[in-house]
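A quick write-up on the structure given underneath.
Each value in this text was obtained by applying a stated rule to the coordinates, not by laboratory testing. Here the structure is a predicted model, which means the values were calculated and not measured. Every residue, glycine among them, receives a Cβ derived from its backbone with ideal geometry; neighbour counts consider all protein chains shown.
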Amino acid sequence: MTLALTYPHHAATGAPQPLFSEALWAVAASVRQAVVESGSPWALSARALVAAASRLEVNGRQIASNWDFSQHVHDASGRQVLGICETDPSAPGLALVSVNGVMIANRPDLELSTVAHELGHIVFDVPPAVAEPTRRYRSVTAGPNCLDGATARSERRANEFMGALLVPPHPLHLRLVARARSERLPMTHAPHRGRPGCRVLPATTPPEALAGVIAALAGDFGVSDRFIEVRLRRYRLFGGDSR
């Protein structure tokens, strides 16, 4: 089955127009809706994402992908990286994705986020890459830059798509409220991008209580604690002033 996706783009080249976060979240939601998982209502699996990415139709353009998890992967300078998405003009519409199996060994959260990041490159960078070869790396493996500090536009876009795909705003807010209630943590009204009418955690939340909630949410969604921290900040679900 082919997964059809659309977003604002240049008709002649297929290149994405500048996309705000909400537009990326909408594309991620379409992908997430198409990925059926029976094991968890919250967490996706790398296997399911790879299967969904096998055949895509992006803004009317047919895209296929071939994934390899068995090789060491390096960037142009020879440094090991988590993953790479390449295209070749001799095979237009085909994404060649390599994920560094050694670096993600025994790290299912890292495998999942890397696959989701590379899927972002397939969705947004492969459609216009017909006339010339391209390479997109997921090169940072530790620290905040891995999730929210990339400088290149394509990397920022792939990171934001990855974040919203694996941990969308409404499901995260739903689980946050449930976890906070179970721990009897106070919540406050503040502007946010989660579920309308629901409260968020205030900045006065004790650090140890916040750490516990974050760890529980990371387990719910199959990602790292740092991943959850970034998404809570992006959706403004933590830090509201107490009222």
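Here region 145-232 is assigned +1 on the Cβ of each Lys and Arg and -1 on the Cβ of each Asp and Glu. Its dipole about the Cα centre then comes out at about 320 debye.
Suppose a student asked you for the relative contact order of the chain, using Cα pairs under 8 Å spaced at least 6 residues apart; what percent would you report?
Values: 423 pairs, mean separation 44.5, N = 243.
Relative CO of the chain lands at 18 percent.
Treating only the Cβ of Lys, Arg, Asp and Glu as charged (+1, +1, -1, -1), what charge dipole size does the chain show about its Cα centre? Round to the nearest 20 debye. Could you put the intermediate results ahead of the total?
Values: 25 positive and 21 negative charges, 160 e Å.
With Lys and Arg at +1 and Asp and Glu at -1, about 760 debye.
Only helices enter this figure: runs of n ≥ 4 DSSP H residues, each worth -39500 (n - 2.57), summed and divided by the residues of the chain, yield -12500 deg cm²/dmol at 222 nm to the nearest 500. Selection among Cys198, Leu24, Val223 by position relative to the dipole of the chain gives Cys198 as farthest towards the positive end (Cβ unit charges, Cα centre). To test your reading of the geometry: what angle, between 0 and 90 degrees and rounded to tens, separates the Cα axis of helix 108-125 from the longest principal axis of the chain? So the helix axis and the longest Cα principal axis differ by about 50 degrees. For region 30-131, applying the loop criterion from DSSP together with a ceiling of 12 other beta carbons within 10 Å to the trypsin sites (Lys or Arg not before Pro) yields Arg79. Of Thr87, Ala211, Leu166, which is farthest towards the positive pole of the chain's charge dipole, taken about the Cα centre with +1 and -1 on the beta-carbons of Lys, Arg and Asp, Glu respectively? Of the listed residues, the answer is Ala211.
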